[in-house]
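Participant: Next up is a structure, given as C-alpha cells.
The values are calculated or read from the model by the stated rules, or taken from the named source; none is laboratory data. Predicted, not measured: the structure shown is a model, and the values here were computed from it. So basically every Cβ, Gly included, is an ideal-geometry build from the backbone, and we count neighbours across all protein chains shown.
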Amino acid sequence: MALKEDLLKPIWHAFTALDVDKSGKVSKSQLKVLSHNLCTVLRVPHDPVALEEHFRDDDEGPVSNQGYMPYLNKFILDKVTGDFDKVDFYRMCWTLCAKKHLLKSPTHISDDSAFKVWTIFNFLSDDKYPLSIVPEEIEYLLKKLTEAMGSGWQQALFEDYKISLRDQQKGLSVWDLIELIGSGQFSKGTDSTTVSMAINEVFNELVLDVLRQGYLWKKGHKRKNWTERWFVLKPNVMSYYISEDLKDKKGDISLDSNCCVESLPDREGKKCLFLVKCVEKSYEISASDKKKKQEWIQDIQTVVNLRKLGLASPHRDARQKRKALRQKLQAEQEELERKMKELQTSNEMKQLELEQVRLQLQEAADRAAQEEQKRHHTHMELQDRFREELEREQLIRLQMEEQVAQKSSELEQYLKRVQELEEMYHRLQEALDDEKQARQEEENARLLQTRLLEQEATKRAMLENLHKEQEMMIKMNEEEKKELEAMQAMKEEALKEAMQQLEQLEKERIAALQQYEHIKSNLEMATSKTRTWKDKVAQHEGLIRLIQPGSKNPGMITNWGPASFTQGELQEREKNWQEKKNATGVE
C-alpha cells in the first residue's frame, strides 16, 4: 500500500502535465505514451489490447482522469513488484511535468536539484489531491537543508514567512516549493554548490533511504586483506562499492533482526574496528576515527532495531507520526471550534432565557413593592408591640452582660493561672533536660576516665616488661663484662710474661754480644800474633808457608761466638728463634 501511494504522486504530476482538448479531456495517444513509459520503468508487462479496450471512444468520454485511474490501478500499479529503479521512475515522471511548469518559474538551482526537490515534495506532501505541502513539513524540510548546509536555522524568518502562508490553507504546490528554495530566501550567503550538495544529501536520506554513507576499510573473507570501500547504509541492506560514484558494486550485507554490531579492539595495525555479525557471515570493518566508528555502529543498530519492530524506514515512520499529529491537532481544533459554536449557541439561548427571567423579575418586583407597603403598615403596628418587649429584653441583656463580665474576669484569672503553670512546666522540663545532660556528661567523663585508667594500666604493664627486660640486659652485660675483664687479665698476664721473656732474651743478647766482643778482641789479638809470626817466618824461612786447619767455606761468627756454620744452618737457627719469640709474644 505504501509503495502504491509513493507511485501515485509522481504519476499524478505526469498526468496533470498532459495536454487537454477544448472539452477538458486528455487524448488517448498521450495516455498510451504515458502508460507505455510507466510499464517500461516499472518493469510491468504492457498490454496494448487492454489499453485499447479500456479507452474505447464513446459519447461518455472515458478518456479522463477518472477513467484513467481504474486502468492505472488494475493493469499497472497492482502488478508492480518493487523490482525497479526508483530514480528512473521519478526521472520519467519529472521529465513529463517539468517541461511544462519549470520553464515558467526559473530558479537559481540546477535542474537536477529541482528534480530532487520535486521528489522530496512527493515524499513529504499529504495524500490529498491536488498535492500540496503543509507549513509544518516545509519547516521540517528547510531545517534539514539548513543543517546539511552547516548554517543556523532562522526561526524568526520562517515565522514571518509562515504568517504569509495563512491565506493559503492548502499549503504550497511543488513548483512554489522549488521557487522558494531556488530564491535563496532561507540560504542567503550560501553558494549554489553548497545548496545543491545539501539538497542531494536530503534527497539521499529521505527518498533513497540512505541512512549513512562514506568510506570504510573492509577485511576480506578469503585473502584477509584490507580494502577501502564506499559503504551505503539503507533500512535493510548495507552495500559497498569501489568508489562513491556507485557504478561498481562489490557486495551487500543484508541486515535483519538477527544481525548485531559490536565494537572490536585495535589489532593488525587497524584502529576503530567494529564487527557486523549476520547469520551467514561476519564482516570486520575499520573506520577513520572513533567518532565515525560510533556513528556507524549506532546507525547499523538503528537499522537492526527497525527490522525487529517491522518498520521499513525511520523517515517514513517519522512522516506518518507527524501526519498523525497534524491530524490529531486538526481534529482537536475542529472539536474546539465545534464546542465554541455550541457554546455560542448555548450562550445566545441563555441570553434569551435571561431576558425572560429579567421580565419576570420586573413583574415580581412590582408585586413585591405592593406587598412591601402592606408589610410596612403591619410593621408599624408590630413595632409598638415589640418596643415593650425590646425594653424588657434590654434589661435582661444588661443582666446577662454583667454575668458575662464576671465570668470573663474569672476566665482571665484561670487563663493566667494556666499560663503560670505552663511556664513552670517548661522550666521543670528545662531543669530535667539540664539534669539529663549533666548525667550524660558525667557518664561520658566516667567512661573517658575508665578508658584512660585502662590505657594507663596497659602502659604501666608495658613499662614493667621493659624494665624487666632492661634488668636482664644489664645482668647479661655485667656477666659479659666480667668475662671480658677475665680475658683482659689473662691477656695482660700473658703480655707481662712475654715482656719478661723479651727482657730475658735482651739480656742474653747483650751477654752474647759482650761475649762476641770479647772473642772478637781475642781473635784480633790472635790474628795479630799470627801475622807477626808469618812475617817472622817469611823473613827467616823464605818461601815456607804455614798450613792452617779449617774448611773451604768462610768462617761464620755469631752472637754465640765464633763457630763454623753454613749459611743454611744459620738461617734455620734464626727461623726457629723467631718462631719461639712470636709464640712467647702471643701468649
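Participant: Looking at region 288-329, which of its residues are in a helix (DSSP H, G or I) and loosely packed, with under 11 Cβ neighbours inside 10 Å?
Facilitator: Kept after step one, since they are in a helix (DSSP H, G or I), are these residues of region 288-329: 290-309, 314-329.
Scanning region 288-329 gives K291, L309, K321, A324, K328.
Participant: What number of residues within region 308-341 satisfy the criterion of being at pLDDT below 85 and touching a Ser or Thr at 6+ places or on another chain (Cβ under 6 Å)?
Facilitator: Qualifying residue count for the region: 0.
Participant: What's the total number of residues in region 146-178 that are under 26 Å from T16 (Cβ atoms) and touching a helix residue (DSSP H, G or I) at 6+ places or on another chain (Cβ under 6 Å)?
Facilitator: Matching residues across region 146-178 total 5.
Participant: Within region 440-455, can one find any residue that is farther than 30 Å from A583 by Cβ, assigned to a helix (DSSP H, G or I), more than 60 Å from the chain's Cα centre (by Cα) and not small (G, A, S)? Reasoning before the result, please.
Facilitator: The initial filter retains those residues of region 440-455 that are farther than 30 Å from A583 by Cβ, namely 440-455.
Next cut, assigned to a helix (DSSP H, G or I) only: 440-455.
After this cut, where a residue has to be more than 60 Å from the chain's Cα centre (by Cα) as well, the list is none.
Within region 440-455 (the criterion being farther than 30 Å from A583 by Cβ, assigned to a helix (DSSP H, G or I), more than 60 Å from the chain's Cα centre (by Cα) and not small (G, A, S)), the answer is no, since none of the residues qualifies.
Participant: Examine region 160-173 for a residue that is part of a helix (DSSP H, G or I), buried (at least 18 other Cβ atoms within 10 Å of the Cβ) and at negative phi, and state whether such a residue exists. Can you show your working first?
Facilitator: If we filter region 160-173 for residues that are part of a helix (DSSP H, G or I), which is where we start, we get 160-164.
Now narrow it down to the ones that are buried (at least 18 other Cβ atoms within 10 Å of the Cβ): none.
The answer is no, given that none of the residues of region 160-173 is part of a helix (DSSP H, G or I), buried (at least 18 other Cβ atoms within 10 Å of the Cβ) and at negative phi.
Participant: Another question, then. Can you spot a residue in region 255-272 that is in contact with a helix residue (DSSP H, G or I) (Cβ under 6 Å, 6 or more places away or on another chain), more than 27 Å from L141 (Cβ to Cβ), of a type in the set (S, T, N, Q) and modelled with pLDDT of 85 or more? Outline the logic, then answer.
Facilitator: Step one: list which residues in region 255-272 are in contact with a helix residue (DSSP H, G or I) (Cβ under 6 Å, 6 or more places away or on another chain), which gives 255-257, 259, 261, 272.
Retained after the next criterion (residues that are more than 27 Å from L141 (Cβ to Cβ)): 255-257, 259, 261, 272.
Narrowing the set further to residues that are of a type in the set (S, T, N, Q) leaves 257.
The next check asks that each one be modelled with pLDDT of 85 or more; those that pass are 257.
Yes: one or more hits.
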